[in-house]
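Student: One structure is given below, represented as structure tokens, and several questions about it will come after.
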Amino acid sequence: MQQNTLLPAGNLMVVHLGLLYAVIEAWGKWHFTDARVDELLKAPFLEDLRGFRNASFHVSVATEALVLRWGAEADRIVWSQDVERALRAAILDWDANLAERIVQYPRVKDR
């Protein structure tokens, strides 16, 4: 790949979006629920995020077209920012109410 300004910026974006997908993947695997997060996760962008995760952590290819599309389409950027904010709020709320959650989810105590 030829060195250009897209390369460093694109690499940062690929890692960032790949990590976002990893959090989303854990969200589902661990059966977290939040109305706002769950609604946002119905968007058609998850497969692209999975591609970024695979490119970052599974030595897969993230094409220039995919990287450029994320930077060029404002709805994708706004959606990813909304997901990040919603996840952050939901996770912080979950943590702030941990004592209640342990009673509600007894398996948590065993970990």
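The values are calculated or read from the model by the stated rules, or taken from the named source; none is laboratory data. Just so you know, these numbers come straight off a predicted model, no measurement behind them. Every residue, glycine among them, receives a Cβ derived from its backbone with ideal geometry; neighbour counts consider all protein chains shown.
Student: Just the residues that are more than 16 Å from V37 (Cβ to Cβ) and of a type in the set (A, V, I, L, M, F, W, C), please, taken from segment 70-84.
Tutor: W70, A72, A74, I77
Student: For segment 78-93, enumerate the residues that are over 16 Å from E25 (Cα atoms) and more than 11 Å from the chain's Cα centre (by Cα).
Tutor: Scanning segment 78-93 gives V78, A89, L92, D93.
Student: Somewhere in segment 38-58, is a residue in a loop (DSSP other than H, G, I, E, B), within 28 Å of W94 (Cα to Cα), of a type in the set (D, E, K, R) and modelled with pLDDT of 95 or more?
Tutor: Step one: filter segment 38-58 for residues in a loop (DSSP other than H, G, I, E, B), giving 41-45, 58.
Among the residues that remain, those that are also within 28 Å of W94 (Cα to Cα) are: 41-45.
Next, from what is left, pick out any that are of a type in the set (D, E, K, R): 42.
Adding the requirement that they be modelled with pLDDT of 95 or more leaves 42.
Yes, that holds for at least one residue.
Student: When only residues in segment 16-61 that are exposed (fewer than 14 other Cβ atoms within 10 Å of the Cβ) and touching a Gly at 6+ places or on another chain (Cβ under 9 Å) count, which is nearest to A86 (Cα to Cα)?
Tutor: Filtering first and then ranking leaves F57.
Student: Inspect segment 72-85 for any residue being modelled with pLDDT of 75 or more, of a type outside the set (S, T, N, Q) and either over 29 Å from L17 (Cβ atoms) or outside any helix (DSSP H, G or I) (or both) and give the result as yes or no. First the steps, then the outcome.
Tutor: Here is the first cut: in segment 72-85, the ones modelled with pLDDT of 75 or more are 72-85.
In the following step, the residues that additionally are of a type outside the set (S, T, N, Q) were identified as 72-79, 82-85.
After this cut, where a residue has to be either over 29 Å from L17 (Cβ atoms) or outside any helix (DSSP H, G or I) (or both) as well, the list is 73.
So far as segment 72-85 goes, yes, one or more of its residues are modelled with pLDDT of 75 or more, of a type outside the set (S, T, N, Q) and either over 29 Å from L17 (Cβ atoms) or outside any helix (DSSP H, G or I) (or both).
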